[in-house]
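Enquirer: Okay, handing you the structure first.
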Amino acid sequence: MRIAIFSDCHCGYAWGEERGDDAFNGLTEALEKSKGSDIILIAGDLFDSRIPKPEIFARVARALSAAQNQHSDAKLIDAKLKEGRELPTLRGIPIVAIHGTHERRSKHLINPIQALEHTGHLLHLHCETAVFDIAGKKVAVHGMSGVPERYAKECLVGWHPRPVHGAINILMLHQSIEPYIYSPLEPPSLKLEDLPSGFDLYVLGHMHWSDSRRFQGTNLLVAGSTCTTSIHKIETEQPKSVWFFDGNVVERASLNSRKVIWKEFTFDSDIRQKIEAELAKLPVMQPKPIVAIKIKGTLAVNDVPPNFADIEERFADKAIININKALQVEGFADQIELLAALKQSKMSPEELGMALLAENLKATNCGIKAEEIFDLLVEGRTDTIFNALMGIKQ
């Protein structure tokens, strides 16, 4: 038995930019390394947005089609799906996926992972279970797709997944789970101890760094991402990976992703010279590395924040340079702390907007969720939103 697992490909990230191919390269290599597997599991955020461009969707569908041309002994024999759902016909290596926070849409709208199920590329799960037979052994995959963090515990408790007797049971989620806190702006409602017992493997998507360890006598896998998007220091210390589970042991296979170099400096009068000297020492690499530079320190109230755009441009032939100025301004500690949290969070612009919208809606009693309003905004249905907020029945 060989089950391949990966997560957070974020296809479409930096579309049209220098790093625009990185996400697709990560997905393609993960699928290539998954050849010979019986099942492929994708733990959310295959796409970087909830409504990907047709070109992005087509490119992902084409990549996933490679798995349909591979042999697998896995057969889908049973499923506990929501009422009205039909089992898709899966060819080749079955792919089971959950949608993530970047792909989540309102209940009445189709998200891109559901669309890929309609095209026959995969089976999408949300609070549902699929059971496979692999050469006489049963494997049950239980999947809960990404929901707003404040509803995650309620959703998991309401679903109440239970292991299938006589099967190897895998529970797959896409959430922040304490102590794996993904965003400082929207704390998780789930803790590791909230996970139901009796499963052979717990797979967590959403965090972009990885961890594989024993948990309650069984296996816990934080799958991490297959490409670099927003940069966290711990990500620079780990390889991007696809994982394999044989029913007992989890193993890592590293991906050949773009190298990320992390450098930290303390702000002083010589900061520009120090950065230039460090960048000058970079060897030539293909593809060009990402150099993440973090500058710490305090800026006097009347000082002008430094601008390093010319340095980034001068060394652009050697590296993709990202200079993060985590500088505090004297007398503005609270404001800077909030801005730093916003900047360092992994939340997409959509998630940030959703969090702000949810906060403002607390003062109303309109009976409509922030997620639904956000989707209506995307569709341009402002009249519907106005009527809902004003209590006008339609």
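Enquirer: Exposure proxy check: Met144, Met1 ranked by fewest other beta carbons within 10 Å?
Expert: Met1, Met144
Enquirer: Same structure again: Expressed as an acute angle from 0 to 90° and rounded to the nearest 10, what is the orientation of the C-alpha long axis of helix 22-33 relative to the principal long axis of the chain?
Expert: 40 degrees
Enquirer: Sort Cys9, Cys227, Cys127 so the one with the fewest other Cβ atoms within 10 Å of its own Cβ comes first. Show your work: numbers first, answer last.
Expert: Details: Cys9 30, Cys227 26, Cys127 19.
Fewest to most other Cβ atoms nearby, the residues stand as Cys127, Cys227, Cys9.
Enquirer: Something else: For a quick check: with amide H placed at 1.01 Å from N, whose amide H comes under 5 Å from Cys9's, ignoring anything fewer than 5 positions away on the same chain?
Expert: Counting only residues 5 or more places away or on other chains, the set is Leu46, Thr226.
Enquirer: Next question, about the same structure. Quick query: amide H of Leu190 versus all other amide H atoms, modeled in the peptide plane; which residues come in under 5 Å with a sequence gap of 5 or more or a different chain?
Expert: Correct list: Lys153, Glu178.
Enquirer: Additional query: If I take every Cα pair under 8 Å that is 6 or more residues apart in the chain, average their sequence separation and divide by the length, what percent do I get for the relative contact order?
Expert: Computed over the chain, the figure is 14 percent.
Enquirer: Right, something else. On a full-extension model of 0.36 nm per residue, what is the gain between Val249 and Ala115, subtracting their alpha-carbon distance, rounded to one decimal in nm? Don't jump to the answer; show the numbers that get you there.
Expert: Working: separation 134, 0.36 × 134 = 48.24 nm, distance 3.26 nm.
So the extension gain works out to 45.0 nm.
Enquirer: How many nm separate the modelled label positions at Asp383 and Lys53, each set 7 Å beyond the Cα in the direction of the Cβ?
Expert: About 3.2 nm separates the two model spin labels.
Enquirer: Also, I was wondering about something else. Where a Cα-Cα gap under 21 Å defines reach, which lysines qualify for Lys369, not counting those fewer than 8 residues away within the same chain?
Expert: Within the straight-line limit of under 21 Å, Lys369 reaches these lysines: Lys107, Lys153, Lys393.
Enquirer: Okay, moving on. Give Lys82/Lys240; Lys274/Lys296; Lys191/Lys240; Lys281/Lys318; Lys240/Lys281 a once-over and call out the pairs whose C-alpha atoms are over 22 Å from each other.
Expert: Flagged as over cut-off: Lys82/Lys240; Lys191/Lys240; Lys240/Lys281.
Enquirer: Among Gly136, Gly205, Gly353, whose mean-square fluctuation peaks in a Gaussian network model of the chain (Cα, cutoff 10 Å)?
Expert: Looking only at Gly136, Gly205, Gly353, the largest GNM fluctuation is found for Gly136.
Enquirer: Once R0 is set to 35 Å, what does the formula 1/(1 + (r/R0)^6) return for the Cβ-Cβ distance between Lys191 and Ser106, expressed as a FRET efficiency to the nearest 0.05?
Expert: 0.80
Enquirer: So, one more: What are the equivalent ellipsoid semi-axes of the stretch 3-254, built from the alpha-carbon gyration tensor (square roots of five times its eigenvalues), in whole angstrom, biggest first? Walk me through the intermediate numbers first.
Expert: On the way: eigenvalues 109, 95, 70 Å².
In descending order, the three semi-axes are 23, 22, 19 Å.
Enquirer: State, to one decimal in nm, how far the label point of Glu276 lies from the label point of Trp262, with both points 7 Å from Cα in the Cβ direction.
Expert: 2.8 nm
Enquirer: List the longest stretch of the chain that has no exposed loop site; here a site is one of the GluC sites (Glu not before Pro) assigned by DSSP to anything other than H, G, I, E or B, with at most 13 other Cβ within 10 Å.
Expert: Here the longest run is 87-236.
Enquirer: Tilt of helix 149-159 relative to the longest C-alpha principal axis of the chain, in degrees (0 to 90, nearest 10)?
Expert: Orientation of helix 149-159: about 10 degrees from the principal axis.
Enquirer: May I pose another question? Go ahead and estimate [θ] at 222 nm for the chain from helices alone: -39,500 (n - 2.57) per DSSP H run with n ≥ 4, summed, over the residue count, rounded to 500.
Expert: Computed ellipticity for the chain at 222 nm equals -8000 deg cm²/dmol.
Enquirer: Explain nothing, just compute: Karplus ³J(HN,Hα) = 6.51 cos²θ - 1.76 cosθ + 1.60, θ = phi - 60°, for every residue of the stretch 234-245 in order, whole Hz, x for Gly and Pro.
Expert: 4, 5, 6, 9, 10, x, 5, 8, 10, 10, 10, 10
Any read-out appearing in this document is the output of simple, stated calculations on the displayed coordinates, not a laboratory observation. This one's a predicted model, so the numbers in the text were calculated from it and none came from an experiment. With ideal geometry, Cβ positions are generated from the backbone for all residues, glycine too; neighbour counts draw on all protein chains shown.
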